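Participant: Would you mind keeping the following structure in view while I ask a few things?
The values are calculated or read from the model by the stated rules, or taken from the named source; none is laboratory data. All values reported here derive from a predicted model rather than from experimental measurement. Every residue, glycine among them, receives a Cβ derived from its backbone with ideal geometry; neighbour counts consider all protein chains shown. Note: areas computed on protein heavy atoms with side chains; ligands, DNA, RNA excluded. Shrake-Rupley method; radii C 1.70, N 1.55, O 1.52, S 1.80 Å.
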Amino acid sequence: MSWSPELIRLYGLKQAPTAEDGFSALVHPEDRVRVEGETSTYLGSDLTTYSHSFRIVRPDGAVRVMLDRGVIDRDAAGNVRVIRGLNIDVTDQARAGFSMQHGAAAGVGGQPEQAHLAPHAVPTGVFEWDIRADKVQRIASDYPGMPKTEGAPETFEHVAKAVHPADREAFRAAVTAALTSPDGKYWSRHRYAGPKGAECWFVENGRVEFDTDRTPIRMIGFAHAIPEQEHPGQEPTDADAVLAALFGGAPVGLGVWDSEFRFQYVNPMLASINGLPSDVHIGRRPDELLPDLVDFERLYRRWGEILETG
């Protein structure tokens, strides 16, 4: 088992489990048998993707709902070689969308609703780009407009051409920044063409994996749709593309706030420093996201002076 630092933090751990049973011990006791059964079903079938949701219990006792999606890599005989997945904390979405009982969403017939959460909780997709072979796989929910691979793997150019023309340069710049940055972190906000010409906005987060000689070999990440009220208000320009590339690859935390001190943009480094996904910041004030922030009133007073005087 290999866990990223972000996944370790998501589960509230200091280090990754060394075996599958270490992971199972973190799953909520009421969900454990179901999760083990679903996993066995995925592995015993000919499926190449999987998606399910479940509760975990962190070491501090906190109960969180996880959406687990990924790909199953098989050999020519159909035997499982490796599973690559992404866990997304959807606790807030679960609480907003379902009535909660005893820390879990109650569904029809008293069954935990999180068993049915995976396709519906958030319009989410997982993507993997084999850079050396130039093959892109995109696994997505059934949300209209969510891009996904229907047949043979796509190439990067296929993906880029599916991005809205006004956003394409910014998208390419964000990818280039990730490929050349020290940590390989990727972040982009752009549109895809949806059904019947509709425009669908998405935020994508990911990370590039490098060979020992720093040659990019793979990018993996996830995308999710942005609610309409959070769509940017104007067309991106060439200057926006350059700024996005600089922000995305910067080795320091950078943010943009409006006159009410609400986040309008946060780069991947600042999101990592704050320990929260980039998109969670948008529209919120620092004190709303970081309750332990010291002396934020003084910070806001200083920002107010800058707004008044320039």
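Participant: Please list, in order along segment 252-258, the HN-Hα scalar couplings obtained from phi with the Karplus expression 6.51 cos²θ - 1.76 cosθ + 1.60 (θ = phi - 60°), rounded to whole Hz, x for Gly and Pro.
Facilitator: 10, x, 10, x, 10, 10, 8
Participant: Okay, moving on. Using a 10 Å cut-off on Cβ atoms, rank the peptides 16-23, 201-208 from the highest mean neighbour count down.
Facilitator: For the peptides 16-23, 201-208, the packing ranking is 201-208, 16-23.
Participant: Let me ask another. For E308, E36, E169, what's the largest-to-smallest order of accessible area, 1.4 Å probe?
Facilitator: E308, E169, E36
Participant: Sort V256, V136 from largest to smallest accessible area, using a 1.4 Å probe on the heavy atoms of the protein chains.
Facilitator: Heavy-atom accessible area, descending, gives V256, V136.
Participant: For the pair R32/R301, report the inter-label distance in nm, with labels modelled 7 Å from Cα in the Cβ direction.
Facilitator: My value for the distance between the label points is 5.3 nm.
Participant: Just for the Cα atoms in segment 19-91, what are the lengths along the principal axes, largest first, rounded to whole Å?
Facilitator: Principal-axis extents of the Cα atoms in segment 19-91, largest first: 43, 20, 19 Å.
Participant: Moving on to the next point. May I ask you to evaluate 6.51 cos²θ - 1.76 cosθ + 1.60, the Karplus curve with θ = phi - 60°, for each residue of segment 207-220 and list the ³J(HN,Hα) values in order in whole Hz, giving x for glycine and proline?
Facilitator: 8, 8, 9, 10, 6, 4, 9, 6, 7, x, 10, 7, 10, 9
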